[in-house]
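Contents: one structure, followed by commentary.
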Amino acid sequence: MKKEVSETESQYFINWAKNLINVNTTVSKEHHGDEGVVYKIDSEKENYFLKIKKGSTFQKESERLAWFQNKLPVPKIVGFIEKDNISAILLTALKGKNLAVLCKEWSSEKVVDKLAEALRQFHKVNKQGWPFDKDDSRKILVHGDACLPNFIFNGDSFSGFIDLADAKLANMEVDLAAAIWSLQYNMGSGYGLKFLEKYGYKNATDDIVEELRLKYEGYQRAHGFL
């Protein structure tokens, strides 16, 4: 059962975030598929996202975001707090819309191209100095949840990556599986093979696409997300 954060509990962290920002703001609740809650906080100078979760912490996300600063376009950490088994993290908002929204505005070919291009950028990051996993020459840095909502574009320009708590050293197929599943979930079947070809995956076939899709779907079911 998901642990819900009440409006009263949320208000404590909203007030905390407003004090950190220290300018006039407007607050709106965002639709969010995870078990926490997310608020968008807008000010005249900059926009922010406040993420609140009960029963777990944002420590992993905070640590990984700090490591990725100046290596990839990612949100900046404004603050991080825990109180009474509830944690919150305040982040700068990347400008633009996520690919799950843009797939309703862009052509399917453009979505596939932009996703493949952004994921290649992530996978090229130098893993030297990554402190969170044991290194292995066969592994690269992966996003860990490379679904469409986690890629932000401002117009045609890539703004950056979000939701990086699961970033780790692993095989590239961890991200390819998530991307294929998310393409099918958001746009229907038939785009996985095009995506693998655009990414540069050698000898891609429909069977490989389905194997990867099922791998991510199994992960989702095992963790209670489906």
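The values are calculated or read from the model by the stated rules, or taken from the named source; none is laboratory data. Because the structure is predicted, anything quoted here is derived from the model rather than measured. Cβ atoms come from the backbone with ideal geometry, glycine included; neighbour counts cover every protein chain shown.
Key figures for this structure:
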| read-out | value |
| --- | --- |
| Count of the stretch 131-148 residues which are buried (at least 17 other Cβ atoms within 10 Å of the Cβ) and either closer than 27 Å to F49 by Cβ or not assigned by TED's automatic domain parsing to the domain that holds Q184 (or both) | 8 |
| Where E30 falls short, out of the listed (1) at pLDDT 95 or above; (2) touching a strand residue (DSSP E or B) at 6+ places or on another chain (Cβ under 6 Å); (3) surrounded by fewer than 18 Cβ atoms within 10 Å (Cβ to Cβ) | (1) |
| Residue that is farthest from the chain's Cα centre (by Cα), among those in the stretch 144-196 that are of a type in the set (D, E, K, R) and under 20 Å from H31 (Cβ atoms) | D145 |
| Residues of the stretch 176-219 satisfying the condition of being closer than 14 Å to L99 by Cβ and free of Cβ contacts under 8 Å to residues at least 60 places away in the same chain | A178, I180, W181, Q184, Y185 |
| Lone unmet requirement of (1) within 20 Å of the chain's Cα centre (by Cα); (2) more than 30 Å from R221 (Cα to Cα); (3) not acidic (D, E) for V23 | (1) |
| Top-ranked residue in the stretch 93-113 [being free of Cβ contacts under 8 Å to residues at least 24 places away in the same chain and part of a loop (DSSP other than H, G, I, E, B); ranked as surrounded by the most Cβ atoms within 10 Å (Cβ to Cβ)] | W106 |
| Flag for L90 being surrounded by 13 or more Cβ atoms within 10 Å (Cβ to Cβ) and either modelled with pLDDT under 95 or within 30 Å of M187 (Cα to Cα) (or both) | no |
| Subset of the stretch 71-97 (residues that are closer than 18 Å to N19 by Cβ, touching a strand residue (DSSP E or B) at 6+ places or on another chain (Cβ under 7 Å) and of a type in the set (D, E, K, R)) | K76 |
| R120 vs. criteria basic (K, R), over 20 Å from the mean Cα position of the chain (by Cα) and on the phi < 0 side of the Ramachandran plot | no |
